[in-house]
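Enquirer: Before we start, here is the structure in question, set down as structure tokens.
The values are calculated or read from the model by the stated rules, or taken from the named source; none is laboratory data. All values reported here derive from a predicted model rather than from experimental measurement. All Cβ positions, even for glycine, are placed from backbone atoms using ideal geometry, and neighbour counts span all protein chains on display. With ligands, DNA and RNA removed, areas are computed over all heavy atoms of the protein, side chains included. Shrake-Rupley method; radii C 1.70, N 1.55, O 1.52, S 1.80 Å.
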Amino acid sequence: MEIHEGAAAAGDGVLDFSRLSLNTFSVDSISAERKRDAKQLYLNHNRLDSLPSSVSLFCNLEFLDISNNRLTSICEGITRLTKLKTLIAKNNRLDEFSLPKEFGSLQLEVLNFGGNRFEEIPLQCMKLLRLQSLSIGGNRLKSIPAEIENLTSLELLYLGGNLISAIPPEVANLPYLSYLVLCDNRIQSVPPQLTRLYSLRSLSLHNNLLTYLPREILSLVHLQELSLRGNPLVVRFVKEMTYDPPSLLELSGRTIKSRNIPYFPHELPSNLLRYLDLASKCPNPKCAGVYFDSCVRHIKFVDFCGKYRLPLMHYLCSPECTSPCSSNPQSDAESEDESSVPADRLQRVLLG
């Protein structure tokens with residue numbers, strides 16, 4: 001279908017060629033002035049198989065929507081759009097091999113690759129240091145690369161509807177992340193490092209394979225929404241306890257720490273000093289013990305908002321810290337500061 005100037009009469013700085021059943025996109029009929037002045041270009045809902053390199057002629061473009069086409073690749077010309085801030089390319093046929101090599105040089109703030117065929121997040125995307133919103137939902141992703149921590153400006157990360165089985169701890173290194181969407185995946189556990197996401201307001205984990213949550217999740221002080229419906233922790237609860245006997249090194253370290261035996265740097269090798277610094281205090285308020293590598297993996301229920309009881313993972317120093325004879329799922333190991341979380345801490349816990 002031929003493009004006419006009248007097809008893009010959407011206002012100053014806006015060129016709208018959406019929903020025109022275009023098989024190709026030619027810029028020949030667009031005046032040089034309109035190319036120069038264009039800040040938004042809409043090519044969504046067409047039949048485009050490719051995007052011509054001539055798109056680079058829109059030198060002041062800030063917003064580009066190429067969603068709902070048949071694109072299998074993104075042309076090299078897009079990397080010359082130095083002012084481009086938003087790229088919407090959802091519902092195409094793109095995969096990890098579809099991006100130009102220098103895609104990471106763009107100054108993008110919003111990127112949406114939802115509904116494509118990505119099995120991996122392209123490493124070019126991990127170079128978009130100004131990115132604030134990244135959406136790659138509804139693809140075939142199996143993992144999240146550790147390089148995600150490079151996107152330190154990220155505020156929204158949407159990876160729902162994939163095949164992801166684990167959350168890398170590097171996600172916790174995103175200081176401004178406010179919205180993390182990982183629903184409809186195959187995630188079995190939540191790393192305790194996520195407690196470092198001090199800006200997190202919404203965490204969507206529904207329809208995964210979670211059977212417990214780390215107790216550290218209570219430290220997410222700004223969290224307002226936690227979505228957990230459709231997980232085994234909601235419909236089924238299996239209590240687990242595993243314990244590896246402590247080594248002689250650990251027993252010695254426990255004795256030093258629990259009895260406050262003084263020691264000085266010049267008295268011990270540096271490796272032992274570092275080891276002693278790794279001591280973790282047992283969360284049981286009735287126990288003054290510590291642990292290093294050997295601990296009891298213990299799951300208990302914690303009351304959220306006075307309505308829901310969630311299984312949280314605890315690490316205790318020994319089996320004696322548990323209450324195996326009690327029928328109450330909240331063991332003696334429960335500390336007072338976790339027994340009840342105020343309603344204003346989590347305004348919405350979606351379990352149903």
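Enquirer: Tell me the residue from Ser189, Ser165 that is at pLDDT below 95, more than 17 Å from Pro122 (Cα to Cα) and either open to solvent by 40 Å² or more (accessible area, probe 1.4 Å) or within 10 Å of the chain's Cα centre (by Cα) (or both), please.
Expert: Ser189
Enquirer: Sticking with this one: Looking at Pro311, Pro285, Pro262 in this structure, which one is outside any helix (DSSP H, G or I), open to solvent by 30 Å² or more (accessible area, probe 1.4 Å) and either modelled with pLDDT under 80 or within 30 Å of Leu228 (Cβ to Cβ) (or both)?
Expert: Checking each option against the conditions leaves just Pro285.
Enquirer: Select from the range 107-166 the residues that are among the β-branched types (Val, Ile, Thr) and touching a residue at least 24 places away in the same chain (Cβ under 8 Å) and list them in ascending order.
Expert: Selection gives Val110, Ile121, Ile136, Ile144, Ile148, Thr152.
Enquirer: Within the range 2-25, is there a residue that is in a strand (DSSP E or B), of a type outside the set (Gly, Ala, Ser), modelled with pLDDT of 95 or more and under 18 Å from Val110 (Cβ atoms)?
Expert: Within the range 2-25, one or more residues are in a strand (DSSP E or B), of a type outside the set (Gly, Ala, Ser), modelled with pLDDT of 95 or more and under 18 Å from Val110 (Cβ atoms).
Enquirer: Just to be sure before I move on: is Ser67 in contact (Cβ under 8 Å) with a residue 40 or more places away in the chain, farther than 23 Å from Glu33 by Cβ, open to solvent by less than 10 Å² (accessible area, probe 1.4 Å) and more than 22 Å from the chain's Cα centre (by Cα) in the structure I sent?
Expert: In short, yes.
Enquirer: Only residues in the range 243-270 that are closer than 16 Å to Lys281 by Cβ count as the first member; pair them with residues that are open to solvent by 80 Å² or more (accessible area, probe 1.4 Å) and charged (D, E, K, R), Cβ under 7 angstrom, at least 6 apart or cross-chain, and list the lot.
Expert: So the pair list comes out as Glu250/Asp293.
Enquirer: Within the range 98-106, is even one residue surrounded by fewer than 21 Cβ atoms within 10 Å (Cβ to Cβ) and touching a His at 6+ places or on another chain (Cβ under 7 Å)?
Expert: Within the range 98-106, not a single residue is surrounded by fewer than 21 Cβ atoms within 10 Å (Cβ to Cβ) and touching a His at 6+ places or on another chain (Cβ under 7 Å).
Enquirer: Additional query: If you check every pair at least six apart or on different chains, which have Cβ atoms under 8 Å apart with a residue in the range 48-64 that is within 18 Å of Arg36 (Cβ to Cβ) first and a residue that is part of a helix (DSSP H, G or I) and acidic (Asp, Glu) second?
Expert: If the second residue must be part of a helix (DSSP H, G or I) and acidic (Asp, Glu), the pairs left are Ser53/Glu76; Asn60/Asp37.
Enquirer: Test of understanding: among Leu233, Leu220, which residue is within 27 Å of Ala172 (Cβ to Cβ), buried (at least 16 other Cβ atoms within 10 Å of the Cβ), in contact with a Leu (Cβ under 6 Å, 6 or more places away or on another chain) and at pLDDT 85 or above?
Expert: Leu220
Enquirer: Within the range 178-187, is there a residue that is charged (D, E, K, R) and part of a loop (DSSP other than H, G, I, E, B)?
Expert: yes
Enquirer: Considering Leu71, Leu51, Leu87, which residue is at pLDDT 95 or above and in a loop (DSSP other than H, G, I, E, B)?
Expert: Just a single option satisfies the conditions, and that option is Leu71.
Enquirer: What number of residues within the range 26-44 satisfy the criterion of being open to solvent by 70 Å² or more (accessible area, probe 1.4 Å) and either of a type in the set (Phe, Trp, Tyr) or in a loop (DSSP other than H, G, I, E, B) (or both)?
Expert: Number satisfying all stated conditions: 2.
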